[in-house]
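Quick notes on the structure that follows.
The values are calculated or read from the model by the stated rules, or taken from the named source; none is laboratory data. Source: prediction; values computed, not measured. Don't worry about glycine lacking a Cβ; one is built from the backbone with ideal geometry, like all the others, and counts go over all protein chains shown.
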Amino acid sequence: MLRNVAVVVMHDFHPFEFGVICEVFGIDRREDGLPSYDFAVVGAEPGPIRSSSGFDLVPGYGLDRLAEADLIALPAVSDSRLHGYPAALRAELRSAVSRGVRVLSVCSGAFILGEAGLLDGRRCTTHWRYADLLATRFPHAKVDPDVLYVDDDPVISSAGTAAGIDACLYLVRKELGSRVANGIARRMVVPPHRDGGQAQYIDRPVATRPDGARGELTVLLDWLGANLAEPLSVRQLAARANMSERTLGRRFVHETGTTPQRWLTGQRILLAQQLLEDTGETVDRIAELAGFGNATAMRHHFRVWRGTTPNAYRRMFRGTSLPPGPTGPVCSGPYRKTVR
């Protein structure tokens, strides 16, 4: 039973992710018929602990408090603290896991788990912008950049920022049931469960050459970007580029970092996202305009690439002021957008 929770802070911790843990586990909600937790804020370094937002925090406990915890939570830290964590903290985390205590990281807190050796051989996640670095730093970890959280008991890791809420509520639901998790979610005015994963928040533009140079496929890529609605095969592309299919495939990987078919699918996904966000076109019509042919095919690719459905994506990202129905001309070229 989950009763005793400790959240560990060190210099340059992120207040929001810290606050998420405090909100779920640190507030007494017994008046609502919900359980309370023996909650403690633990300093991993001499205090006061400096936040990334410029204020200081005075933790009530030192690392010895972790010996009592059923759950040890690790909020995100700033980019300057993605390495070099206190040896005593790493030892305490290893000891806790060895005796069955759960540890939960939010966002870049996963790097603390990695340095403690707790991600080796385990599935895990972090904010999508840190996923490649996490996988590089800890090559034995099985990093999944597309999910909101991963439970590889007793290690739970979550993606960026608000995904910490999802992971905390998931753990509450797992330990104490849906009634308790839903009750906390209502108090927090958040959904008790979100569909999809963080893939729907990731911008995945087509890979380009690292030096930014324009390659041999420039004309073909520009033409493809303007004709995504057309039914296109690799054979047709090879003929248009005056190459064999094998040569096209080899040069495509060299120029873009991916295969022709995957490049096309990625561009069509990006165009569909733009249309879902910025127009009132139906999903069927967007599937045609983006080159998927029909809504069923587009739903399939959205599930694979974004971990969600077109309709769910539209509800998440479409501007609330946009009136129903078509809203003007449709972009026919390749779509680019800045990372949110």
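Can you tell me which of Asp195, Asp211 is modelled with pLDDT under 85, farther than 26 Å from Ala272 by Cβ and out of contact with any Lys or Arg (no Cβ under 7 Å at 6 or more places or on another chain)? Spell out how you get there, then give the answer.
Details: Asp195 fails: farther than 26 Å from Ala272 by Cβ.
Step by step, each of Asp195, Asp211 is checked, and only Asp211 is modelled with pLDDT under 85, farther than 26 Å from Ala272 by Cβ and out of contact with any Lys or Arg (no Cβ under 7 Å at 6 or more places or on another chain).
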State yes or no: is Tyr37 closer than 27 Å to Phe138 by Cβ and of a type in the set (Phe, Trp, Tyr)? no
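Taking Arg262 as the residue in question, decide whether it is modelled with pLDDT under 90, closer than 20 Å to Leu224 by Cβ, part of a helix (DSSP H, G or I) and not small (Gly, Ala, Ser).
On the way: modelled with pLDDT under 90: yes; closer than 20 Å to Leu224 by Cβ: yes; part of a helix (DSSP H, G or I): yes; not small (Gly, Ala, Ser): yes.
So Arg262 fits the description; yes.
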For the stretch 148-184, enumerate the residues that are touching a helix residue (DSSP H, G or I) at 6+ places or on another chain (Cβ under 7 Å), aliphatic (A, V, I, L, M) and surrounded by fewer than 21 Cβ atoms within 10 Å (Cβ to Cβ). Val180
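For every residue, the table says whether it meets (1) assigned by TED's automatic domain parsing to the domain that holds Glu68; (2) touching a residue at least 12 places away in the same chain (Cβ under 8 Å); (3) exposed (fewer than 14 other Cβ atoms within 10 Å of the Cβ); (4) closer than 19 Å to Leu171 by Cα.
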| site | (1), (2), (3), (4) |
| --- | --- |
| Ala87 | yes, no, yes, no |
| Leu93 | yes, yes, no, yes |
| Val101 | yes, yes, no, yes |
| Val106 | yes, yes, no, yes |
| Phe111 | yes, yes, no, no |
| Gly114 | yes, yes, no, no |
| Leu118 | yes, yes, no, yes |
| Arg122 | yes, yes, no, yes |
| Thr126 | yes, yes, no, yes |
Considering residues of the stretch 72-85 that are in contact (Cβ under 8 Å) with a residue 40 or more places away in the chain and part of a helix (DSSP H, G or I) only, the residue surrounded by the fewest Cβ atoms within 10 Å (Cβ to Cβ): Ser80
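Can you name the residue in the stretch 298-321 that is loosely packed, with under 14 Cβ neighbours inside 10 Å and in a helix (DSSP H, G or I) and is also modelled with the lowest pLDDT among such residues?
Here the residue is Arg315.
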What is the residue count in the stretch 1-53 for residues that are part of a loop (DSSP other than H, G, I, E, B) and touching an Asp or Glu at 6+ places or on another chain (Cβ under 7 Å)? 8
Are any residues in the stretch 258-277 crowded, with 17+ Cβ neighbours inside 10 Å and among the acidic types (Asp, Glu), and if so, which ones? none
